[in-house]
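Have a look at the structure below before the remarks.
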Amino acid sequence: MAAGAAETAAVAVEVGSAQQFEELLRLKARSLLVVHFWAPWAPQCVQMNGVMAELAKEHPQVSFVKLEAEAVPEVSEKYEISSVPTFLFFKNSQRIDRLDGAHAPELTKKVQRHASVGSFPPSGSEHPKEDLSVRLKKLTHAAPCMLFMKGTPQEPRCGFSKQMVEILNKHNIQFSSFDIFSDEEVRQGLKTYSNWPTYPQLYVSGELIGGLDIIKELEASKELDTICPKAPKLEERLKVLTNKASVMLFMKGNKQEAKCGFSKQILEILNSTGVEYETFDILEDEEVRQGLKTFSNWPTYPQLYVKGELVGGLDIVKELKENGELLPILKGEN
């Protein structure tokens, strides 16, 4: 009887509206809430639902929720869900972590970590500290210029981070960023690792340059441009990318794993033609994602290019296929 009850408790709750989601956040405020933003058309989401069901059995104190991203767009937009699967972690009605993509081991790790916070005393072992140190070294070396900030370059969540992004963009500096709100372990650990107590923090070749005040000083003394790597001009980069292959598809995801319904449909159409093509995942590069909209004067994705020229999005490609014009265009005959 008890086993049956545990089995029932292990089922993830399905949320069908924004109101239901907000109520759940309030009701489950005292426990860890893990929300899977998914789509029924994506096999990777179905797979991760299975992973989540297993985790629910192992962690009965954790609440697991499934939310169909395209069916509840107001919640998806609020939390900037642009691909599936995406997992958000909540405690005390506040988002504390995020995981994009179908990464079962990482999901398991995050659930274990967040479920245990506040429940167990810290371990006396030194190994976790060593592991964190290795991880921080990798993160600070993840790009030639790395910014650790509150939020993202597109949506900074503090005034200092916003100013830092503005300075770097003004000087056309190429940088990657890490949102310290997405990982409390990194947020606290980096302060000790770099002996720098505040954020944002800017690193070049893994070495700490400093925070906002230092960057302002370097800007004033004209040293900033010599220290940080310059980004290639966006227009030149987009020209190279759109001409990378005879047929180029800019989409959410890749050939193996589409991350939105429109991208999935256009892949199916292209695959049916037998024509070779390459793809670019716009979710991996925010600069390209935003820049290509202006470059091509086309506001949505996917976007299909032949020999560097925009053909159009899904609707145009569907029309061309129905009219029998798609294959000649893809082969460069038209």
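The calculated FRET efficiency for the pair Arg95 and Glu219, based on their C-beta separation and a Förster distance of 30 Å, comes to about 0.35. Just to check, using Stokes-Einstein with a Kirkwood Rh over alpha carbon pairs, what's the diffusion coefficient of region 6-87 at 20 °C and 1.002 mPa s in µm²/s? My calculation gives 166 µm²/s for D. Estimated at 0.36 nm per residue, the fully extended path between Asn49 and Lys137 surpasses their Cα-Cα distance by 28.4 nm. Listed by chain and number, the aspartates and glutamates whose alpha-carbon sits under 16 Å from that of Lys109, ignoring those within fewer than 8 places in the same chain, are Glu54, Glu58, Asp97, Asp100, Asp131, Asp183, Glu184, Glu185. In region 132-227, the convex hull through the Cα atoms has an average projected area of 5.5 nm², a quarter of its surface area. Normalised per residue, the accessible area of region 278-334 is 55 Å², obtained with a 1.4 Å probe and no contribution from ligands, DNA or RNA.
Near the amide H of Trp38, within less than 5 Å, lie the amide hydrogens of Leu67, Glu68, Ala69, all on another chain or at least 5 residues away, with H placed in the peptide plane.
For Ser76, the accessible area of its heavy atoms, probed at 1.4 Å with every protein chain present, is near 10 square angstrom.
Surface composition of the chain: carbon plus sulfur atoms contribute 52% of the solvent-accessible area (1.4 Å probe, protein chains only, all chains present). Ordered by solvent-accessible area of protein heavy atoms (1.4 Å probe), largest first, the residues Thr294, Thr198, Thr140 come out as Thr294, Thr198, Thr140.
With only the Cα atoms considered, the chain has a convex hull volume of 167 Å³ per residue.
At a probe radius of 1.4 angstrom, the accessible area of region 13-114 per residue rounds to 46 square angstrom.
The values are calculated or read from the model by the stated rules, or taken from the named source; none is laboratory data. This one's a predicted model, so the numbers in the text were calculated from it and none came from an experiment. No Cβ is skipped: glycine too gets one built from the backbone with ideal geometry, and neighbour counts run over all protein chains shown. The area values use the complete protein model at the heavy-atom level, side chains included, leaving out ligands, DNA and RNA. Shrake-Rupley method; radii C 1.70, N 1.55, O 1.52, S 1.80 Å.
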